[in-house]
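The structure under discussion appears below in the form of structure tokens.
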């Protein structure tokens, strides 16, 4: 019942997001074929008929739902002759690689830094980690990207400033995308670790002669993972929203860049497909976070099940 409730809620959320996006882009000023060139009314009507834009908006949405269920996203308005799937699939691979590496750096690095900061509370290391994460969290992504390009691309010339290629092209956008969530995970882990280290079972472990490193990284850290895991949903939202700016700044032909361009050009099929993919990603992050929390702490699942009954 716990996971069934989550799945049903996710499906309703995805439906609401798709419907809201679909109808908002239709009521926005301008259309996909509005240009400075004046076409005869007959030609414009034929174009609208070809893409089904002469039908009622509710009918268009129903047809889009049926096509989406079958995995068919039709032809792009901007890239004539190309299906939306052929455009988004390579872009999704690039964005997934960028987001996956950023997620790994942010979560694993944040847990390690938070544990070290809590273990050395009040020390020079603790203060250094605090100020490093504070700077990373306070700087906006566009400023972080600009500073990284100035230092590592223009002055030091260690990494390329933009475009997409091998591993060197991933370094700067990955750092830009992961710095802020790294600071958030570090703060959550540090706070949870400090509470765990002040618990009675930790004092008992020290009294029994358990090695310090084992207490920190086995006993205390294992019981401090609830907060970092719970932040995965928020972390996914940041990675998705941050990818829009990062992919445009570094000229990465990823999903975020196509999403922005589709919105500007009123490319309805491309925009709706990208919205659907982003909705699934966000729901997967939130659902994965809930699943891991229920596995780590069964009391969460039990409490939710009792509320249903």
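Just so you know, all these numbers are worked out from the coordinates, no wet-lab data involved. Not measured: the values here are computed from a predicted model. Here the Cβ is made from the backbone with ideal geometry for all residues, glycine too, and neighbour counts use every protein chain on show.
Please give the peptides 124-134, 101-111 ranked by average Cβ packing (other Cβ atoms within 10 Å per residue), highest first, as a rough proxy for protection.
101-111, 124-134
Based on a Kirkwood Rh over C-alpha pairs, give the Stokes-Einstein translational diffusion coefficient of the chain at 4 °C and viscosity 1.567 mPa s in µm²/s.
Estimated diffusion coefficient is 58 µm²/s.
Could you please state, rounded to a whole Å, how far the C-alpha centre of segment 122-199 is from the C-alpha centre of segment 205-241?
Taking the Cα centre of segment 205-241 as reference, the centre of segment 122-199 is 19 Å away.
From the Cα gyration tensor of segment 82-147, with a ≥ b ≥ c the square roots of its eigenvalues, which class applies: rounded if a/c is under 1.5, or else prolate if a/b is larger than b/c, or else oblate? Kindly include the intermediate steps, with their values, before the conclusion.
Working: a/c = 6.18, a/b = 2.35, b/c = 2.63.
In terms of gyration-tensor shape, oblate.
If you take the square roots of the eigenvalues of the alpha-carbon gyration tensor of segment 156-240 and sort them as a ≥ b ≥ c, do you get rounded (a/c under 1.5), prolate (a/b over b/c) or oblate?
Working: a/c = 4.24, a/b = 2.36, b/c = 1.80.
It is prolate, given that a/c is not under 1.5 and a/b is the larger ratio.
When the helices in the chain are scored as -39500 (n - 2.57) per DSSP H run of 4 or longer and the sum is shared across all residues, what 222 nm value do you end up with, to the nearest 500 deg cm²/dmol? Could the numbers behind the result be given before it?
Working: 13 runs with 220 residues, N = 309.
Calculated mean residue ellipticity at 222 nm is -24000 deg cm²/dmol.
Compute the relative contact order of segment 92-308 as a whole-number percentage, counting only Cα pairs closer than 8 Å that sit 6 or more residues apart in sequence.
On the way: 242 pairs, mean separation 55.7, N = 217.
After rounding, I find 26 percent.
For the peptides 87-93, 49-55, 60-66, what is the packing order when you average, over each peptide's residues, the other Cβ atoms within 10 Å and list the highest mean first? Working shown, then result.
Values: 87-93: 17.3, 49-55: 13.6, 60-66: 15.1.
Ranking, from highest mean packing down: 87-93, 60-66, 49-55.
Place the peptides 73-86, 253-266 in order of packing, highest mean first, counting for every residue the other Cβ atoms within 10 Å and averaging per peptide.
On the way: 73-86: 16.6, 253-266: 21.0.
Averaged packing, sorted descending, gives the order 253-266, 73-86.
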